[in-house]
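Below: the structure, in structure tokens.
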Amino acid sequence: VIIEVEKGGRSLIRVSDNGIGMIRDDALLAIERYATSKILTDRDLFAINTLGFRGEALPSIAAVSRFNLVTREKSSPAGTEIIVEGGAIKKVSDAGAPPGTMVTVKQLFFNTPARRKFLKTIDTEMGHIADTVARLAMGWPGVQFQLLHNGKLIKSFSATNIPDERVVDVLGLNLANELEKIELTKDHISINGWISSPRITRSSSRGIYVYVNGRFVRDRIIQHSLFNGYTGRLMKGQFPVAVLFINISFDQVDVNVHPTKHEIRFLEQKTVHQTVEEAVARALRFADKTKWTPTFYKEKQPAIPLRVEEAVTGFNRMETGSSKFKEKIDEPAEQPSLWGKKSFGDLRLIGQFHNSYILCEYGDGLVLIDQHAAHERVLFEQLKNRSLDSRNSAQRLLVPEPLDFGYREAEILTKLIPDLHSLGLEVEPFGGNTFVIKSVPAMLADRDVKPLLMEIVEKMAQIGFAPGLESAIDQCLILIACHGAVRANQQLTDEQIRALLDQLDGCDTPSNCPHGRPTWVRWSLRELEKSFKRIV
């Protein structure tokens, strides 16, 4: 497919291919309103398996331009040329042409100057065209695409039977090592594609490419499920880079709900949402363990794990030189493997910077760890682990603490009470809009829990709450972990830092805090030497 453009499309847009072409009758029918060659029977209306359908594009374009269509089937001795100006057919004749179709549009909106005024600058319009070609190229790697502007080749996408190559060609070589393959087939839905590391983000959704049965779409259901798969890995306002190919039975999706066909409707939206979310989350968990964590590994025999309650409350009881916090021997729940790989635990500790960041050395570079973000991640995952009832590690207050709320907040807190109890935060009504706090999670024993409870209620008011809603409970866990984690500007002993690094190795998502902020950054020796001009 060759796309030729002049002056951002104002003067010329020509699209030509070497496809199957059309016979004369079909070519004439193609420029008639409401006509389409995409369906043969009424059954086809409910299982659209082509990219086109409405038949509106060609006649609509021909009505506002000087339009030329040349096409030939491979078996035909001659092609057909049709000339249309402002919607009126001027000429239909035989023409010598190779197999395929070529559509030429000149002087767009020449007869509707009011619409012509709404065209943007040449650069802006050319940007839209380039984006459109890139989306088509991404979805059809087996087709070669060339884009020319004012006779100059802008981009050429070579045909390939390896989809990875087309993805890198469109997104850029710099993303090649930051993309993780996803693949999942469930029921009648097949999902595959690539998603970026949480460290590679965009300020808009322009880096998200979603294809349903080969058709590029902008679907809120799919985009929401993609973001849910990234839960706890992206900060608010950040967007991942993703290329998702979703194949589903044609009768399970309606592609004819919008003229541009960018919006679609699934028959089973919930199933599609869950499947996409699962595919993304699974790929991210795998990449966290194998690809996007520090690469300095050393095989060693694993340490005997702490009891869960010790791990959760350890930072509140650690003392310099104290024997209270050691790798206390306890019977593990299951027999550990003889050999294990560690990542953070094998880093060589250098020290603390500004009592906020942990400095470590790895194979050929430097790692900086945000101590608050890292400990927040550790506590969140330990709270999330339901294998131990959190109430068993709750601490009852000698004197219950009262807390007053407004009417709306009191209603929310009343509904939230059962879920808070399951987290070790016991709250009871005390008449009117007043509540009392009777017990708190052990990790918050020496913290003021009132601000935490206020923040939980305010967050629930903001995002909406239904009893037992998993996302709402996760928000509670995030806030509890945040309030219970070590702070910035807090000095830690080497033993405390080592314990934190070991606990990070046990996390499913060690590279991001529950809010999505990175827990660590690293600089290679090469990057440092370039900064000091030791190398060029």
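Among the residues examined, P113 does not qualify as open to solvent by 30 Å² or more (accessible area, probe 1.4 Å), farther than 17 Å from I13 by Cα, in contact (Cβ under 8 Å) with a residue 24 or more places away in the chain and out of contact with any Phe, Trp or Tyr (no Cβ under 6 Å at 6 or more places or on another chain). Is there a residue in region 87-107 that is touching a Gly at 6+ places or on another chain (Cβ under 7 Å), touching a residue at least 40 places away in the same chain (Cβ under 8 Å) and of a type in the set (K, R)? Taking every residue of region 87-107 in turn, none turns out to be touching a Gly at 6+ places or on another chain (Cβ under 7 Å), touching a residue at least 40 places away in the same chain (Cβ under 8 Å) and of a type in the set (K, R). Of the residues screened, K438 is one that is in contact with a Pro (Cβ under 7 Å, 6 or more places away or on another chain) and either assigned to a helix (DSSP H, G or I) or open to solvent by 10 Å² or more (accessible area, probe 1.4 Å) (or both). Restricting region 329-362 to residues that are of a type in the set (D, E, K, R), in a strand (DSSP E or B) and closer than 18 Å to D288 by Cα, the residue that is modelled with the highest pLDDT is K342. In region 416-438, the residues that are at positive phi and among the basic types (K, R) never reach a residue that is modelled with pLDDT under 90 and part of a loop (DSSP other than H, G, I, E, B) with C-beta atoms less than 6 angstrom apart, at least six apart or across chains.
Touching a Lys or Arg at 6+ places or on another chain (Cβ under 7 Å) and either at pLDDT 95 or above or in a strand (DSSP E or B) (or both): is that true of T80 in this structure? Spelling it out, T80 is indeed touching a Lys or Arg at 6+ places or on another chain (Cβ under 7 Å) and either at pLDDT 95 or above or in a strand (DSSP E or B) (or both).
Counting only strands (runs of 3 or more DSSP E) that sit wholly inside region 132-249, those with at least 2 residues that are within 16 Å of the chain's Cα centre (by Cα) are 179-186, 189-196, 208-212, 242-248. Within region 152-167, residues that are under 17 Å from I3 (Cβ atoms) sit with their Cβ atoms under 6 Å from residues that are hydroxyl-bearing (S, T, Y), at 6+ positions apart or across chains, in these pairs: R166/T160.
Selection over region 271-288 of residues that are buried (at least 17 other Cβ atoms within 10 Å of the Cβ), closer than 11 Å to Y230 by Cα and charged (D, E, K, R) gives a count of 2. For region 128-182, a residue qualifies if it is polar (S, T, N, Q), over 20 Å from R215 (Cα atoms) and open to solvent by less than 70 Å² (accessible area, probe 1.4 Å), and exactly one does: S156. Looking only at residues of region 438-462 that are farther than 16 Å from E376 by Cα and of a type in the set (K, R), we find that the one that is modelled with the lowest pLDDT is K459.
When G100, G96 are checked against the criterion of being at pLDDT 90 or above, more than 37 Å from the chain's Cα centre (by Cα), small (G, A, S) and open to solvent by 30 Å² or more (accessible area, probe 1.4 Å), a single residue qualifies: G96. When region 191-205 is examined, which residues are found to be open to solvent by 10 Å² or more (accessible area, probe 1.4 Å) and in contact (Cβ under 8 Å) with a residue 40 or more places away in the chain? Listed by number, the residues that qualify are N192, W194, P198, R199, I200, T201.
Which of the residues that make up region 473-520 are in a strand (DSSP E or B) and not polar (S, T, N, Q)?
From region 473-520, those in a strand (DSSP E or B) are 512, 518, 520; that's our starting set.
Residues satisfying the conditions are P518, W520.
The values are calculated or read from the model by the stated rules, or taken from the named source; none is laboratory data. Remember, it's a predicted structure, so these values are computed and weren't measured experimentally. FYI the Cβ positions are ideal-geometry reconstructions off the backbone, even for glycines, and counts take in every protein chain you see. Surface accessibility is based on the protein's heavy atoms, side chains included, excluding ligands, DNA and RNA. Shrake-Rupley method; radii C 1.70, N 1.55, O 1.52, S 1.80 Å.
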